[in-house]
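The values are calculated or read from the model by the stated rules, or taken from the named source; none is laboratory data. This is a predicted model, so every value here is computed, not measured. Positions of Cβ are generated from backbone atoms using ideal geometry, with glycine treated the same way; all protein chains shown enter the neighbour counts. Just the protein is used for accessible areas: all its heavy atoms, side chains included, with ligands, DNA and RNA removed. Shrake-Rupley method; radii C 1.70, N 1.55, O 1.52, S 1.80 Å.
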Amino acid sequence: MSNCLVHSFIVIAAYLCFGLAVLSALIYLYFENKFSPNLTGFQQAYLRIRYKIICGYNFVGLALLTTGLILGVNQAIKIGISFEIKFITVLIVWFFYLSLFCLIIISKFQKINRQKLVSKLSLVGLAIIFLNLILANYLGSAHPFK
């Protein structure tokens, strides 16, 4: 299998992970609003598990996106393609999810209520991914591996 196909499958898998994180974030926000203000022990445990699922999908998505980005850049260098808007927009997505991951780690040590914030930022991440796809496909030149 060529590096182009591997790169494409890995990036698609990363975007799917981010999409699943958004779905979990929507479920978290719905139940968090539904259960408020009196949370039982079971409801708190459910929300904690849902939050860990959100973090897990975002982490796996970040790892896959990093791998896909490295493979894409490597392939572009091999075939002599200049870096275009697609590369820049994917870097924006990558930096956003790297920042989200750092926020999760930092807030874990500072005992900040991070669940609602991370859930909302996951929704923002999906908006950034859609913006990435719009910018790369409609405003920039064609994807170099097409």
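Key figures
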{"item": "Share of carbon and sulfur in the accessible heavy-atom surface of the range 31-102 [1.4 Å probe, %]", "result": "70 percent"}
{"item": "In order through the range 33-46: 3J(HN,Hα) via Karplus (6.51 cos²θ - 1.76 cosθ + 1.60), integer Hz, x for Gly, Pro", "result": "6, 5, 7, 5, x, 9, 9, 7, x, 5, 5, 5, 5, 4"}
{"item": "Relative contact order (percent, whole number), the chain, Cα cutoff 8 Å, 6+ residue spacing", "result": "34 percent"}
{"item": "Lysine pairs in the range 1-128 with Cα atoms under 30 Å, if 8 or more residues apart or on separate chains", "result": "14"}
{"item": "Packing-based order for 94-107, 28-41, using average beta carbon neighbours within 10 Å, highest first", "result": "94-107, 28-41"}
{"item": "Solvent-accessible area per residue for the chain (1.4 angstrom probe, square angstrom)", "result": "59 Å²"}
{"item": "Solvent-accessible area of residue 52 with every protein chain in place, 1.4 Å probe, in Å² to the nearest 10", "result": "140 Å²"}
{"item": "Per-residue ³J(HN,Hα) for the range 88-96, Karplus 6.51 cos²θ - 1.76 cosθ + 1.60, θ = phi - 60°, Hz, x for Gly and Pro", "result": "5, 5, 5, 5, 4, 4, 4, 5, 4"}
{"item": "Cα shape, the range 53-99, gyration tensor, a/c 1.5 rule", "result": "oblate"}
{"item": "Where the Cα pairs of the chain fall when distances are cut into 5 Å bins, in %", "result": "2, 9, 18, 20, 16, 12, 9, 6, 4, 2, 1, 0"}
{"item": "For the range 13-62, the fraction of alpha-carbon pairs in successive 5 Å shells from zero, as %", "result": "5, 24, 27, 19, 12, 8, 4, 0"}
{"item": "Sorted peptide list for 55-64, 129-138, criterion being average Cβ within 10 angstrom, highest first", "result": "55-64, 129-138"}
